[in-house]
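**Q** Sharing a structure below in structure tokens format, with a few things to ask.
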Amino acid sequence: MQTRVTPQLMSEARRWALRWACEHCAHFDRAASVCGNGWPTDEHRAELLRDGGEIAFCKEFEG
């Protein structure tokens, strides 16, 4: 699911410690910087949470 990053989303992400990125997922292999299930990670990385950008939520995310 593609979601536009707005100031409100950024504020709520900080306030409620929103976890959505690959780096927060149990399937993410930090050493190799890849998804353990083989999914692409380009649209799901934490650094994409910036105003005016777009993020994608992964259907297989497990925190």
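The values are calculated or read from the model by the stated rules, or taken from the named source; none is laboratory data. Computed from a predicted structure; not experimentally measured. Neighbour counts run over all protein chains shown; Cβ positions are idealised from the backbone, glycine included. We work out accessible area using only protein heavy atoms, side chains counted, and drop any ligands, DNA or RNA first. Shrake-Rupley method; radii C 1.70, N 1.55, O 1.52, S 1.80 Å.
**Q** Against the condition open to solvent by 70 Å² or more (accessible area, probe 1.4 Å) and either assigned to a helix (DSSP H, G or I) or in contact with a strand residue (DSSP E or B) (Cβ under 9 Å, 6 or more places away or on another chain) (or both), how does residue 47 come out, does it pass?
**A** So residue 47 passes the test.
**Q** Of all residues in the stretch 1-44, which are over 17 Å from residue 63 (Cα atoms) and part of a helix (DSSP H, G or I)?
**A** Hits for the stretch 1-44 are 7, 8, 9, 10, 11, 12, 15.
**Q** Quick test for you: out of 32, 13, 21, pick the one residue that is exposed (fewer than 11 other Cβ atoms within 10 Å of the Cβ) and at pLDDT 85 or above. Walk me through how you get there before you give the answer.
**A** Details: 13 fails: exposed (fewer than 11 other Cβ atoms within 10 Å of the Cβ); 21 fails: exposed (fewer than 11 other Cβ atoms within 10 Å of the Cβ).
Just a single option satisfies the conditions, and that option is 32.
**Q** While we're looking at this one, here's another question. Examine the stretch 53-61 for a residue that is among the aromatic types (Phe, Trp, Tyr) and either in a loop (DSSP other than H, G, I, E, B) or modelled with pLDDT under 90 (or both), and state whether such a residue exists. Steps first, answer last, please.
**A** Let us first name the residues in the stretch 53-61 that are among the aromatic types (Phe, Trp, Tyr), namely 57, 61.
Next cut, either in a loop (DSSP other than H, G, I, E, B) or modelled with pLDDT under 90 (or both) only: 57, 61.
Looking for residues that are among the aromatic types (Phe, Trp, Tyr) and either in a loop (DSSP other than H, G, I, E, B) or modelled with pLDDT under 90 (or both), one finds at least one in the stretch 53-61, hence yes.
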